[in-house]
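Notes to accompany the following structure.
The values are calculated or read from the model by the stated rules, or taken from the named source; none is laboratory data. Because the structure is a prediction, the values reported are computed rather than measured. Because the Cβ atoms are built from the backbone with ideal geometry, glycine has one as well, and the counts that use them run over all protein chains shown.
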Amino acid sequence: MNDANGGKNRKEPSASLDALWDHADPAASEHRFRRLLVDGGSNLSGDEQAEILTQVARALGLQQRFDEGHAILDEIESSATPVDPLIRVRLLLERGRLFNSAGSRDRAVPLFAAALDLAQEHGMEFLGVDAAHMLAIVEPGERSIEWNRRALDLAAGATDPRARRWRGALWNNLGWSLHELGRHEEARQAFEQHLAIRLSEDNEPQAAIARWSMAKMLRHLDRPAEALSILESIRDHPDRQNNASEGYTREEIGNCLIALGRDGEASSHLARAWALLHDDPWLQRDEPERLARLRRLGGLG
């Protein structure tokens, strides 16, 4: 893992860790990080091992294994060796993410704020944008929009290309913050910006996500026929087959068909959506009524 930014007092995290992440499969990501620790052995510095372990903790949080994640971060913090600023920022971020994922947003906010301050103090652009983007996630209402716009400003002004690549995700997050406030036209425009960035990156899977988001906003703007046309254009995308992405696409197609008075056509799409989404632990915990609706309208009892 030793690379150009290895060693003490690094300004940016190891780029080699990014390739090991699959946020849609945190268990596989955890396995890859643990394998890296084993394979690297004595060739890894203490700081490199600590950085990898922070990502193990993050992967555990995405599996709702919060106590295990906190235990790993506790072990890093209790280490007898000094912790360099980059690792300290990583610790703050991952501790905050664990609290937020467990539903303790109030405990997460000061951690993300401290991470942002420390990252900016040491010129860590990538992690600074990460911290600002997490503040946008945990803060409610207008505060979320303010933090999203601040994160976008940080990313746009960054010299580090990795920090600048945050812009697509940030436009996406801003869109959902606006949606939650009922500002659907502004949200649609934010998702349009997200789409433009993904097309410029030649990132078709993320472009499909942007199109899906735009379609959802069009339905909320009482334009279901336009939304349905977009959804049908991405329905057969190879990255949206037999997975949660297909489930969300089928759900939204069904919602558009219902809005168009075509309930009979909607049921098969909603049944397929339930089949693909009902085992999702986050939906089970946070949106059980959504799953119940899919089951009911899909004619599954």
- Consider Leu116 against the criteria (1) buried (at least 22 other Cβ atoms within 10 Å of the Cβ); (2) within 23 Å of Arg32 (Cα to Cα): it satisfies all of them except one. Which criterion is unmet? (2)
- How many residues does the range 230-242 hold that are assigned to a helix (DSSP H, G or I), surrounded by fewer than 18 Cβ atoms within 10 Å (Cβ to Cβ) and over 22 Å from the mean Cα position of the chain (by Cα)? 2
- Message: Exactly one of these conditions fails for Ala225: (1) over 24 Å from Gly168 (Cα atoms); (2) of a type in the set (A, V, I, L, M); (3) buried (at least 18 other Cβ atoms within 10 Å of the Cβ). Give me its number.
- Response: (3)
- Query: Which of (1) farther than 27 Å from Asp160 by Cβ; (2) crowded, with 18+ Cβ neighbours inside 10 Å; (3) modelled with pLDDT under 90 does His70 not meet, given it meets every other one?
  - Reply: (3)
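Among the residues of the range 126-151, write down those that are within 15 Å of Leu92 (Cα to Cα) and aliphatic (A, V, I, L, M).
Leu127, Val129, Ala131, Ala132, Met134, Leu135, Val138
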- Message: If I filter the range 213-220 for residues that are more than 21 Å from Gly254 (Cα to Cα), of a type in the set (Gly, Ala, Ser), within 17 Å of the chain's Cα centre (by Cα) and buried (at least 22 other Cβ atoms within 10 Å of the Cβ), do I get at least one hit?
- Response: no
- Task: Being in contact with a Phe, Trp or Tyr (Cβ under 8 Å, 6 or more places away or on another chain) and β-branched (Val, Ile, Thr) is the filter here, so list the residues in the range 193-223 that pass it.
- Result: Ile197
- Message: Restricting to the range 243-301, name every residue that is among the aliphatic types (A, V, I, L, M), within 25 Å of Arg223 (Cα to Cα) and not in a loop (DSSP other than H, G, I, E, B).
- Response: Ala244, Ile253, Leu257, Ile258, Ala259, Ala266, Leu270, Ala271, Ala273, Leu291, Leu294, Leu297
- Message: Tell me yes or no: at least one residue of the range 223-231 is at pLDDT 95 or above and closer than 30 Å to Pro26 by Cβ.
- Response: yes
- Item | Total residues in the range 283-301, condition without any contact (Cβ under 8 Å) to a residue 24 or more places away in the chain and either among the hydrophobic types (A, V, I, L, M, F, W, C) or farther than 28 Å from Leu62 by Cα (or both) | 5
- Test: Ala108 is modelled with pLDDT of 95 or more and buried (at least 18 other Cβ atoms within 10 Å of the Cβ): yes
- Every residue from the range 272-289 that is closer than 23 Å to Met214 by Cα and over 20 Å from the mean Cα position of the chain (by Cα): Arg272, Ala273, Trp274
- Please determine, by comparing only the residues of the range 228-244 that are polar (S, T, N, Q) and free of Cβ contacts under 8 Å to residues at least 24 places away in the same chain, which one is nearest to Arg262 (Cα to Cα). Ser229
- Message: I'm checking my understanding of the structure. Among residues of the range 144-187 that are under 19 Å from the mean Cα position of the chain (by Cα) and basic (Lys, Arg), which one is surrounded by the most Cβ atoms within 10 Å (Cβ to Cβ)?
- Response: Arg167
- Of all residues in the range 84-97 being at pLDDT 95 or above and more than 14 Å from Leu53 (Cα to Cα), the one that is nearest to the chain's Cα centre (by Cα): Arg97
